[in-house]
There are 2 protein chains.
Amino acid sequence: MSSAERKAREKEELKALILKASMKLFVEKGIEQTTIRNIADAIDYSIGTVYVYFKDKNAILHALHTQCFTELAGQFRVLYTVKDPMERLKAMGKVYIQYAMDNPDKYDLMFNLKEPMEFLNDIQAKEWDEGAATFDVLRTTVQECIGAGYFKGHNLEPLSFLIWSCMHGICSLEIRARTKGVLLKNPDTIVSDAYNEFLKFIEKK
Amino acid sequence: MSSAERKAREKEELKALILKASMKLFVEKGIEQTTIRNIADAIDYSIGTVYVYFKDKNAILHALHTQCFTELAGQFRVLYTVKDPMERLKAMGKVYIQYAMDNPDKYDLMFNLKEPMEFLNDIQAKEWDEGAATFDVLRTTVQECIGAGYFKGHNLEPLSFLIWSCMHGICSLEIRARTKGVLLKNPDTIVSDAYNEFLKFIEKK
DNA sequence: TTTGCGAAATGAACAATGTTCATTTTATTT
DNA sequence: AAATAAAATGAACATTGTTCATTTCGCAAA
(Lines give C-alpha, C1' and ligand atoms only; values in the text may rest on other atoms or scores of the structure.)
Protein backbone atom coordinates (compact mmCIF):
# COMPACT_ATOMS: atom_id res chain seq x y z
CA MET A 1 0.00 0.00 0.00
CA SER A 2 2.99 2.29 0.26
CA SER A 3 3.02 3.00 -3.45
CA ALA A 4 -0.63 4.03 -3.27
CA GLU A 5 0.21 6.32 -0.42
CA ARG A 6 3.09 7.85 -2.33
CA LYS A 7 0.83 8.37 -5.32
CA ALA A 8 -1.72 10.13 -3.19
CA ARG A 9 1.00 12.33 -1.77
CA GLU A 10 2.35 13.08 -5.23
CA LYS A 11 -1.11 14.08 -6.35
CA GLU A 12 -1.39 16.47 -3.45
CA GLU A 13 2.03 17.86 -4.23
CA LEU A 14 1.19 18.53 -7.84
CA LYS A 15 -2.06 20.14 -6.81
CA ALA A 16 -0.14 22.36 -4.42
CA LEU A 17 2.37 23.13 -7.15
CA ILE A 18 -0.38 24.28 -9.48
CA LEU A 19 -1.81 26.49 -6.77
CA LYS A 20 1.57 27.98 -5.95
CA ALA A 21 2.32 28.79 -9.57
CA SER A 22 -1.18 30.17 -10.09
CA MET A 23 -0.91 32.46 -7.09
CA LYS A 24 2.46 33.70 -8.30
CA LEU A 25 1.10 34.48 -11.75
CA PHE A 26 -2.09 36.04 -10.40
CA VAL A 27 -0.07 38.36 -8.22
CA GLU A 28 2.36 39.15 -11.02
CA LYS A 29 0.03 39.60 -13.94
CA GLY A 30 -3.45 39.72 -12.51
CA ILE A 31 -6.15 37.09 -12.61
CA GLU A 32 -7.55 37.91 -16.03
CA GLN A 33 -4.14 38.01 -17.64
CA THR A 34 -3.16 34.64 -16.27
CA THR A 35 -4.08 31.81 -18.61
CA ILE A 36 -4.23 28.10 -18.01
CA ARG A 37 -1.47 27.82 -20.59
CA ASN A 38 0.67 30.18 -18.51
CA ILE A 39 0.13 28.08 -15.44
CA ALA A 40 0.88 24.88 -17.30
CA ASP A 41 4.04 26.41 -18.75
CA ALA A 42 5.20 27.63 -15.36
CA ILE A 43 5.14 24.13 -13.88
CA ASP A 44 6.28 22.33 -17.04
CA TYR A 45 3.12 20.34 -17.44
CA SER A 46 0.58 20.32 -20.22
CA ILE A 47 -2.71 22.18 -20.29
CA GLY A 48 -4.65 19.00 -19.84
CA THR A 49 -2.86 18.11 -16.65
CA VAL A 50 -4.09 21.25 -14.99
CA TYR A 51 -7.60 20.13 -15.82
CA VAL A 52 -6.95 16.74 -14.33
CA TYR A 53 -6.34 18.37 -10.97
CA PHE A 54 -8.82 21.22 -11.14
CA LYS A 55 -12.23 21.22 -12.74
CA ASP A 56 -11.71 24.65 -14.25
CA LYS A 57 -10.06 28.00 -13.71
CA ASN A 58 -12.62 28.85 -11.08
CA ALA A 59 -11.75 25.87 -8.99
CA ILE A 60 -8.22 27.23 -8.82
CA LEU A 61 -9.43 30.68 -7.81
CA HIS A 62 -11.64 29.02 -5.28
CA ALA A 63 -8.83 27.03 -3.71
CA LEU A 64 -6.60 30.09 -3.51
CA HIS A 65 -9.44 32.04 -1.96
CA THR A 66 -9.73 29.53 0.84
CA GLN A 67 -5.95 29.43 1.21
CA CYS A 68 -5.80 33.19 1.74
CA PHE A 69 -8.49 33.17 4.38
CA THR A 70 -6.69 30.40 6.21
CA GLU A 71 -3.47 32.39 6.00
CA LEU A 72 -5.11 35.47 7.46
CA ALA A 73 -6.69 33.39 10.20
CA GLY A 74 -3.19 32.14 10.96
CA GLN A 75 -1.92 35.69 11.38
CA PHE A 76 -4.60 36.27 13.99
CA ARG A 77 -3.31 33.43 16.13
CA VAL A 78 -0.65 35.59 17.78
CA LEU A 79 -3.46 37.68 19.24
CA TYR A 80 -4.59 34.92 21.57
CA THR A 81 -1.76 35.89 23.88
CA VAL A 82 -3.10 39.42 24.32
CA LYS A 83 -5.28 39.33 27.41
CA ASP A 84 -6.72 42.84 27.51
CA PRO A 85 -9.65 42.83 25.07
CA MET A 86 -9.23 46.42 23.89
CA GLU A 87 -5.55 45.84 23.27
CA ARG A 88 -6.44 42.70 21.40
CA LEU A 89 -9.04 44.51 19.32
CA LYS A 90 -6.54 47.19 18.41
CA ALA A 91 -3.97 44.55 17.54
CA MET A 92 -6.50 42.74 15.38
CA GLY A 93 -7.00 45.86 13.35
CA LYS A 94 -3.27 46.29 12.92
CA VAL A 95 -2.78 42.69 11.84
CA TYR A 96 -5.70 42.89 9.42
CA ILE A 97 -4.45 46.05 7.80
CA GLN A 98 -0.90 44.77 7.70
CA TYR A 99 -1.99 41.63 5.91
CA ALA A 100 -3.95 43.61 3.35
CA MET A 101 -1.11 46.06 2.74
CA ASP A 102 1.47 43.28 2.46
CA ASN A 103 -0.71 41.19 0.16
CA PRO A 104 -2.91 43.54 -1.84
CA ASP A 105 -3.43 41.01 -4.61
CA LYS A 106 -4.44 38.30 -2.21
CA TYR A 107 -6.75 40.71 -0.44
CA ASP A 108 -8.28 41.55 -3.78
CA LEU A 109 -8.74 37.88 -4.47
CA MET A 110 -10.45 37.41 -1.11
CA PHE A 111 -12.94 40.22 -1.40
CA ASN A 112 -13.19 41.42 -4.95
CA LEU A 113 -13.38 38.13 -6.75
CA LYS A 114 -15.99 38.10 -9.46
CA GLU A 115 -17.39 34.68 -8.87
CA PRO A 116 -18.83 33.10 -12.01
CA MET A 117 -22.00 32.08 -10.30
CA GLU A 118 -22.18 28.28 -10.31
CA PHE A 119 -19.85 27.81 -7.38
CA LEU A 120 -22.52 29.66 -5.45
CA ASN A 121 -24.66 26.55 -5.43
CA ASP A 122 -21.70 24.22 -5.32
CA ILE A 123 -19.35 24.46 -2.43
CA GLN A 124 -20.41 27.92 -1.35
CA ALA A 125 -19.96 27.50 2.36
CA LYS A 126 -16.36 26.36 2.72
CA GLU A 127 -14.30 29.40 1.92
CA TRP A 128 -16.64 31.82 3.65
CA ASP A 129 -16.69 29.61 6.70
CA GLU A 130 -13.12 30.77 7.12
CA GLY A 131 -14.34 34.35 6.86
CA ALA A 132 -17.15 33.65 9.29
CA ALA A 133 -14.73 32.07 11.75
CA THR A 134 -12.56 35.17 11.62
CA PHE A 135 -15.61 37.31 12.19
CA ASP A 136 -16.45 35.21 15.24
CA VAL A 137 -13.07 36.03 16.73
CA LEU A 138 -13.78 39.71 16.22
CA ARG A 139 -17.25 39.49 17.71
CA THR A 140 -15.97 37.69 20.77
CA THR A 141 -13.32 40.33 21.32
CA VAL A 142 -15.86 43.13 20.96
CA GLN A 143 -18.08 41.30 23.43
CA GLU A 144 -15.24 41.24 25.93
CA CYS A 145 -14.59 44.92 25.34
CA ILE A 146 -18.19 45.64 26.17
CA GLY A 147 -17.77 43.57 29.31
CA ALA A 148 -14.76 45.71 30.18
CA GLY A 149 -16.83 48.87 29.98
CA TYR A 150 -16.21 49.97 26.39
CA PHE A 151 -18.81 50.69 23.72
CA LYS A 152 -21.56 51.78 26.10
CA GLY A 153 -24.93 51.96 24.38
CA HIS A 154 -23.76 49.96 21.36
CA ASN A 155 -25.07 46.65 20.05
CA LEU A 156 -22.71 43.76 19.61
CA GLU A 157 -23.60 42.40 16.20
CA PRO A 158 -23.87 45.58 14.15
CA LEU A 159 -20.95 47.14 16.00
CA SER A 160 -18.72 44.22 15.14
CA PHE A 161 -19.83 44.45 11.55
CA LEU A 162 -19.14 48.18 11.55
CA ILE A 163 -15.63 47.68 12.88
CA TRP A 164 -14.91 45.08 10.23
CA SER A 165 -16.37 47.42 7.64
CA CYS A 166 -14.04 50.20 8.73
CA MET A 167 -10.98 48.03 8.39
CA HIS A 168 -12.15 46.59 5.10
CA GLY A 169 -13.05 50.01 3.76
CA ILE A 170 -9.66 51.45 4.59
CA CYS A 171 -7.84 48.56 2.97
CA SER A 172 -10.12 48.36 -0.02
CA LEU A 173 -9.96 52.05 -0.85
CA GLU A 174 -6.23 52.21 -0.29
CA ILE A 175 -5.50 49.24 -2.53
CA ARG A 176 -7.80 50.59 -5.20
CA ALA A 177 -6.20 54.02 -5.02
CA ARG A 178 -2.75 52.49 -5.07
CA THR A 179 -3.32 50.39 -8.17
CA LYS A 180 -4.88 53.32 -9.97
CA GLY A 181 -2.35 55.80 -8.67
CA VAL A 182 -4.82 58.50 -7.84
CA LEU A 183 -6.08 60.97 -5.28
CA LEU A 184 -5.44 60.76 -1.51
CA LYS A 185 -3.40 63.57 -0.07
CA ASN A 186 -0.90 61.52 1.95
CA PRO A 187 -0.83 58.13 0.26
CA ASP A 188 2.11 56.96 2.35
CA THR A 189 0.57 57.48 5.75
CA ILE A 190 -3.16 57.73 5.07
CA VAL A 191 -3.87 54.17 6.15
CA SER A 192 -2.12 54.35 9.51
CA ASP A 193 -3.42 57.89 10.00
CA ALA A 194 -6.97 56.71 9.41
CA TYR A 195 -6.38 53.80 11.73
CA ASN A 196 -5.29 56.24 14.43
CA GLU A 197 -8.49 58.21 13.95
CA PHE A 198 -10.35 54.93 14.32
CA LEU A 199 -8.58 54.28 17.63
CA LYS A 200 -9.68 57.65 18.99
CA PHE A 201 -13.29 56.55 18.51
CA ILE A 202 -13.07 53.12 20.07
CA GLU A 203 -10.73 53.85 22.95
CA LYS A 204 -13.17 56.07 24.80
CA LYS A 205 -14.74 54.37 27.77
CA MET B 1 -24.59 73.35 -41.41
CA SER B 2 -27.70 71.91 -39.84
CA SER B 3 -27.11 68.48 -41.34
CA ALA B 4 -23.66 68.39 -39.82
CA GLU B 5 -25.15 69.29 -36.48
CA ARG B 6 -27.72 66.57 -36.77
CA LYS B 7 -25.03 64.06 -37.64
CA ALA B 8 -23.06 65.04 -34.58
CA ARG B 9 -26.18 64.64 -32.48
CA GLU B 10 -26.92 61.25 -33.99
CA LYS B 11 -23.41 60.12 -33.18
CA GLU B 12 -23.88 61.14 -29.58
CA GLU B 13 -27.22 59.38 -29.48
CA LEU B 14 -25.79 56.13 -30.77
CA LYS B 15 -22.95 56.38 -28.31
CA ALA B 16 -25.45 56.86 -25.51
CA LEU B 17 -27.49 53.95 -26.85
CA ILE B 18 -24.46 51.67 -26.70
CA LEU B 19 -23.76 52.76 -23.13
CA LYS B 20 -27.35 52.24 -22.08
CA ALA B 21 -27.50 48.75 -23.55
CA SER B 22 -24.10 47.90 -22.08
CA MET B 23 -25.13 48.99 -18.62
CA LYS B 24 -28.32 46.97 -18.87
CA LEU B 25 -26.41 43.86 -19.88
CA PHE B 26 -23.68 44.37 -17.30
CA VAL B 27 -26.28 44.62 -14.55
CA GLU B 28 -28.21 41.65 -15.89
CA LYS B 29 -25.44 39.23 -16.70
CA GLY B 30 -22.30 40.68 -15.21
CA ILE B 31 -19.41 42.37 -16.93
CA GLU B 32 -17.49 39.27 -17.87
CA GLN B 33 -20.54 37.57 -19.30
CA THR B 34 -21.44 40.51 -21.48
CA THR B 35 -19.84 40.30 -24.90
CA ILE B 36 -19.47 42.93 -27.56
CA ARG B 37 -21.67 40.72 -29.71
CA ASN B 38 -24.36 40.84 -27.03
CA ILE B 39 -24.19 44.59 -26.95
CA ALA B 40 -24.30 44.84 -30.74
CA ASP B 41 -27.26 42.47 -30.85
CA ALA B 42 -29.14 44.42 -28.20
CA ILE B 43 -29.03 47.62 -30.22
CA ASP B 44 -29.41 45.98 -33.64
CA TYR B 45 -26.06 47.11 -34.93
CA SER B 46 -23.05 45.11 -36.01
CA ILE B 47 -20.00 44.33 -33.93
CA GLY B 48 -17.88 46.71 -35.94
CA THR B 49 -20.14 49.63 -35.23
CA VAL B 50 -19.54 49.31 -31.52
CA TYR B 51 -15.84 49.63 -32.27
CA VAL B 52 -16.45 52.73 -34.34
CA TYR B 53 -17.81 54.45 -31.27
CA PHE B 54 -15.62 52.91 -28.59
CA LYS B 55 -11.97 51.97 -28.86
CA ASP B 56 -12.52 48.72 -26.99
CA LYS B 57 -14.54 47.08 -24.26
CA ASN B 58 -12.60 48.97 -21.66
CA ALA B 59 -13.57 52.31 -23.10
CA ILE B 60 -17.19 51.31 -22.52
CA LEU B 61 -16.50 50.27 -18.93
CA HIS B 62 -14.66 53.49 -18.51
CA ALA B 63 -17.51 55.62 -19.77
CA LEU B 64 -20.01 53.83 -17.55
CA HIS B 65 -17.68 54.25 -14.60
CA THR B 66 -17.68 58.00 -15.08
CA GLN B 67 -21.43 57.98 -15.62
CA CYS B 68 -22.02 56.27 -12.29
CA PHE B 69 -19.84 58.68 -10.37
CA THR B 70 -21.67 61.58 -11.95
CA GLU B 71 -24.96 59.97 -11.01
CA LEU B 72 -23.88 59.57 -7.38
CA ALA B 73 -22.64 63.14 -7.31
CA GLY B 74 -26.09 64.14 -8.53
CA GLN B 75 -27.72 62.36 -5.61
CA PHE B 76 -25.61 64.42 -3.25
CA ARG B 77 -26.99 67.65 -4.62
CA VAL B 78 -30.07 67.51 -2.40
CA LEU B 79 -27.74 67.81 0.57
CA TYR B 80 -26.82 71.39 -0.21
CA THR B 81 -30.09 72.48 1.39
CA VAL B 82 -29.14 70.97 4.74
CA LYS B 83 -27.53 73.74 6.74
CA ASP B 84 -26.44 71.98 9.91
CA PRO B 85 -23.13 70.25 9.08
CA MET B 86 -23.65 67.20 11.27
CA GLU B 87 -27.12 66.69 9.84
CA ARG B 88 -25.64 67.01 6.39
CA LEU B 89 -22.88 64.52 7.17
CA LYS B 90 -25.43 62.04 8.45
CA ALA B 91 -27.57 62.57 5.37
CA MET B 92 -24.56 62.06 3.12
CA GLY B 93 -24.00 58.68 4.66
CA LYS B 94 -27.61 57.75 4.12
CA VAL B 95 -27.58 58.86 0.50
CA TYR B 96 -24.32 57.04 -0.15
CA ILE B 97 -25.54 53.79 1.35
CA GLN B 98 -28.89 54.11 -0.37
CA TYR B 99 -27.24 54.53 -3.75
CA ALA B 100 -25.05 51.49 -3.19
CA MET B 101 -27.95 49.34 -2.02
CA ASP B 102 -30.18 50.46 -4.89
CA ASN B 103 -27.46 49.95 -7.48
CA PRO B 104 -25.16 47.19 -6.27
CA ASP B 105 -23.94 46.40 -9.77
CA LYS B 106 -23.12 50.00 -10.49
CA TYR B 107 -21.39 50.30 -7.15
CA ASP B 108 -19.37 47.24 -8.03
CA LEU B 109 -18.47 48.81 -11.33
CA MET B 110 -17.34 51.98 -9.58
CA PHE B 111 -15.10 50.37 -6.99
CA ASN B 112 -14.34 46.82 -7.92
CA LEU B 113 -13.54 47.25 -11.57
CA LYS B 114 -10.49 45.29 -12.62
CA GLU B 115 -8.94 47.85 -14.89
CA PRO B 116 -6.84 46.30 -17.63
CA MET B 117 -3.92 48.59 -16.99
CA GLU B 118 -3.39 50.76 -20.04
CA PHE B 119 -6.15 53.20 -19.22
CA LEU B 120 -4.04 53.96 -16.19
CA ASN B 121 -1.68 55.95 -18.33
CA ASP B 122 -4.37 57.09 -20.67
CA ILE B 123 -7.23 59.07 -19.31
CA GLN B 124 -6.67 58.07 -15.69
CA ALA B 125 -7.68 61.33 -14.10
CA LYS B 126 -11.18 61.95 -15.46
CA GLU B 127 -13.34 59.36 -13.80
CA TRP B 128 -11.58 59.60 -10.47
CA ASP B 129 -11.88 63.33 -10.58
CA GLU B 130 -15.55 62.67 -10.02
CA GLY B 131 -14.61 60.57 -7.02
CA ALA B 132 -12.22 63.22 -5.78
CA ALA B 133 -14.89 65.90 -6.15
CA THR B 134 -17.27 63.83 -4.08
CA PHE B 135 -14.58 63.37 -1.48
CA ASP B 136 -14.09 67.14 -1.39
CA VAL B 137 -17.73 67.58 -0.48
CA LEU B 138 -17.28 65.13 2.36
CA ARG B 139 -14.12 66.80 3.59
CA THR B 140 -15.74 70.22 3.58
CA THR B 141 -18.67 68.91 5.59
CA VAL B 142 -16.38 67.25 8.12
CA GLN B 143 -14.46 70.51 8.36
CA GLU B 144 -17.66 72.35 9.18
CA CYS B 145 -18.53 69.73 11.77
CA ILE B 146 -15.20 70.32 13.44
CA GLY B 147 -15.98 74.03 13.39
CA ALA B 148 -19.27 73.24 15.12
CA GLY B 149 -17.49 71.48 17.94
CA TYR B 150 -17.58 67.86 16.77
CA PHE B 151 -14.63 65.50 16.34
CA LYS B 152 -12.45 67.09 19.00
CA GLY B 153 -8.86 65.87 18.78
CA HIS B 154 -9.31 64.44 15.30
CA ASN B 155 -7.49 65.37 12.10
CA LEU B 156 -9.49 66.45 9.08
CA GLU B 157 -7.90 64.49 6.25
CA PRO B 158 -7.56 61.03 7.78
CA LEU B 159 -10.87 61.41 9.58
CA SER B 160 -12.65 62.15 6.32
CA PHE B 161 -10.97 59.19 4.73
CA LEU B 162 -11.99 57.00 7.67
CA ILE B 163 -15.61 58.06 7.38
CA TRP B 164 -15.63 57.30 3.68
CA SER B 165 -13.96 53.98 4.42
CA CYS B 166 -16.69 53.10 6.90
CA MET B 167 -19.44 53.76 4.40
CA HIS B 168 -17.60 51.99 1.63
CA GLY B 169 -16.78 49.05 3.85
CA ILE B 170 -20.38 48.60 4.91
CA CYS B 171 -21.62 48.74 1.33
CA SER B 172 -18.86 46.61 -0.08
CA LEU B 173 -19.20 43.83 2.48
CA GLU B 174 -22.97 43.84 2.28
CA ILE B 175 -23.01 43.62 -1.51
CA ARG B 176 -20.42 40.88 -1.48
CA ALA B 177 -22.32 38.94 1.15
CA ARG B 178 -25.56 39.44 -0.74
CA THR B 179 -24.26 38.14 -4.04
CA LYS B 180 -22.70 35.15 -2.34
CA GLY B 181 -25.63 34.59 -0.06
CA VAL B 182 -23.60 33.95 3.03
CA LEU B 183 -23.04 34.80 6.69
CA LEU B 184 -24.31 37.94 8.46
CA LYS B 185 -26.83 37.32 11.21
CA ASN B 186 -29.43 39.91 10.19
CA PRO B 187 -28.89 40.44 6.49
CA ASP B 188 -32.01 42.54 6.15
CA THR B 189 -31.15 45.18 8.71
CA ILE B 190 -27.42 44.82 9.19
CA VAL B 191 -26.59 47.79 7.00
CA SER B 192 -28.88 50.27 8.67
CA ASP B 193 -28.03 48.79 12.06
CA ALA B 194 -24.34 49.29 11.39
CA TYR B 195 -25.05 52.80 10.17
CA ASN B 196 -26.81 53.53 13.46
CA GLU B 197 -23.77 52.32 15.36
CA PHE B 198 -21.71 54.65 13.20
CA LEU B 199 -23.95 57.56 14.18
CA LYS B 200 -23.40 56.87 17.87
CA PHE B 201 -19.69 57.42 17.34
CA ILE B 202 -19.86 60.62 15.34
CA GLU B 203 -22.72 62.35 17.10
CA LYS B 204 -20.83 62.81 20.36
CA LYS B 205 -19.63 66.35 20.85
C1' DT C 1 -32.35 62.66 -61.67
C1' DT C 2 -27.86 61.11 -61.77
C1' DT C 3 -23.22 61.12 -60.20
C1' DG C 4 -19.54 61.24 -57.02
C1' DC C 5 -17.63 61.36 -52.55
C1' DG C 6 -16.91 61.09 -47.70
C1' DA C 7 -18.70 59.08 -43.61
C1' DA C 8 -20.73 55.24 -41.44
C1' DA C 9 -21.68 50.49 -40.99
C1' DT C 10 -20.49 45.88 -41.86
C1' DG C 11 -19.03 41.05 -40.91
C1' DA C 12 -15.49 37.87 -42.35
C1' DA C 13 -11.20 36.74 -40.45
C1' DC C 14 -7.57 36.50 -36.77
C1' DA C 15 -5.43 35.63 -32.39
C1' DA C 16 -6.05 34.27 -27.79
C1' DT C 17 -8.57 31.88 -24.28
C1' DG C 18 -11.10 28.16 -21.52
C1' DT C 19 -12.26 23.63 -22.04
C1' DT C 20 -12.81 18.70 -23.69
C1' DC C 21 -11.42 14.11 -24.81
C1' DA C 22 -9.51 10.42 -27.56
C1' DT C 23 -4.93 9.02 -27.57
C1' DT C 24 -0.32 8.21 -25.80
C1' DT C 25 2.82 7.60 -22.21
C1' DT C 26 4.09 6.03 -17.75
C1' DA C 27 3.80 3.26 -13.70
C1' DT C 28 2.30 -0.81 -11.29
C1' DT C 29 0.92 -5.41 -10.80
C1' DT C 30 0.61 -10.11 -12.34
C1' DA D 1 7.36 -9.80 -20.16
C1' DA D 2 2.67 -8.87 -20.52
C1' DA D 3 -1.41 -6.79 -18.97
C1' DT D 4 -3.74 -3.39 -16.76
C1' DA D 5 -4.60 0.88 -14.54
C1' DA D 6 -3.39 5.71 -13.91
C1' DA D 7 -1.62 9.90 -15.46
C1' DA D 8 -0.35 13.09 -18.86
C1' DT D 9 -0.94 14.92 -23.28
C1' DG D 10 -2.04 18.29 -26.99
C1' DA D 11 -4.94 18.62 -31.01
C1' DA D 12 -9.39 20.39 -31.66
C1' DC D 13 -13.56 23.17 -30.53
C1' DA D 14 -16.37 27.12 -29.07
C1' DT D 15 -16.23 31.68 -27.63
C1' DT D 16 -14.23 35.91 -26.96
C1' DG D 17 -12.07 40.73 -28.18
C1' DT D 18 -10.41 43.01 -32.00
C1' DT D 19 -9.13 44.53 -36.84
C1' DC D 20 -9.83 46.10 -41.45
C1' DA D 21 -10.88 45.79 -46.31
C1' DT D 22 -15.22 46.18 -48.27
C1' DT D 23 -19.91 47.70 -48.74
C1' DT D 24 -23.65 50.71 -47.87
C1' DC D 25 -25.56 55.05 -47.07
C1' DG D 26 -26.53 60.14 -47.04
C1' DC D 27 -26.18 64.18 -49.40
C1' DA D 28 -24.34 67.92 -52.19
C1' DA D 29 -23.08 69.09 -56.95
C1' DA D 30 -23.77 68.60 -61.82
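The values are calculated or read from the model by the stated rules, or taken from the named source; none is laboratory data. Here the structure is a predicted model, which means the values were calculated and not measured. We place every Cβ from the backbone using ideal geometry, glycine too, and count neighbours over all the protein chains shown. Accessible surface is based on the protein model in full, side chains and every heavy atom, while ligands, DNA and RNA are left aside. Shrake-Rupley method; radii C 1.70, N 1.55, O 1.52, S 1.80 Å.
Treating the point 7 Å from Cα along Cα-beta-carbon as the label, what are the nm separations from B:Glu13 to the other copies, to one decimal?
For B:Glu13, the other copies' label points sit at 6.8 nm, shortest first.
So what is the relative contact order for chain A, in percent, with contacts set as C-alpha pairs under 8 Å and at least six apart?
In percent, rounded to a whole number, it is 18.
Below 13 angstrom from the Cβ of A:Ser160, what's the summed charge of the other residues (Lys, Arg +1; Asp, Glu -1)?
-3
Say a label goes 7 Å from Cα toward Cβ at A:Thr140 in every copy; what distances in nm does this one have to the rest, shortest first?
Sorted ascending, the copy-to-copy spacings read 4.8 nm.
Between B:Lys29 and A:Lys83, how high is the FRET efficiency from 1/(1 + (r/R0)^6) when r is the Cβ-Cβ distance and R₀ = 45 Å? Nearest 0.05.
It comes to 0.30.
Largest first, how would B:Thr81, B:Thr70, A:Thr49 line up by accessible area (1.4 Å probe)?
Accessible-area ranking of B:Thr81, B:Thr70, A:Thr49, largest first: B:Thr81, B:Thr70, A:Thr49.
For peptide A:193-205, what's the mean number of Cβ atoms from other chains within 10 Å of each residue's Cβ?
Mean shielding by partner chains, rounded to a whole number: 5.
Report, in deg cm²/dmol and to the nearest 500, the calculated mean residue ellipticity at 222 nm for the protein assembly as shown, where each DSSP H run with n ≥ 4 adds -39500 (n - 2.57) and the sum is divided by the residue count.
Using -39500 (n - 2.57) per qualifying helix, the result is -24500 deg cm²/dmol.
Take the Cβ-Cβ distance between B:Asp56 and A:Ala148 as r, set R0 to 45 Å, and report the resulting FRET efficiency rounded to the nearest 0.05.
0.20
What nm distance separates the two modelled labels at A:Ile47 and A:Glu71, each placed 7 Å from Cα along Cα→Cβ?
The modelled label-to-label distance comes out at 2.8 nm.
Name the chain B residue with the Cβ nearest the axis that maps B onto A: which is it, and what is the distance in angstrom?
That would be B:Gly169, 1, residue then distance in Å.
Checking the a/c ratio against 1.5 first, then a/b against b/c, what shape does the Cα gyration tensor give for the protein assembly as shown?
Here the protein assembly as shown falls in the oblate category.
Hey, got the average number of other protein chain Cβ atoms within 10 angstrom for residues in A:149-157?
3
Multiplying the sequence separation of A:Asp136 and A:Lys185 by 0.36 nm and subtracting their Cα-Cα distance, what value in nm do you get?
14.2 nm
List the trypsin sites (Lys or Arg not before Pro) in region B:54-109 that DSSP assigns to loop (not H, G, I, E or B) and whose Cβ has at most 14 other Cβ atoms within 10 Å. Which are they?
For trypsin sites (Lys or Arg not before Pro) across region B:54-109 that sit outside H, G, I, E and B with at most 14 neighbouring Cβ atoms in 10 Å, the list reads B:Lys55, B:Lys83.
Please list B:Val95, B:Val50, A:Val27 in order of solvent-accessible area, largest first, computed with a 1.4 Å probe with all protein chains present.
Sorted by accessible area, descending: A:Val27, B:Val95, B:Val50.
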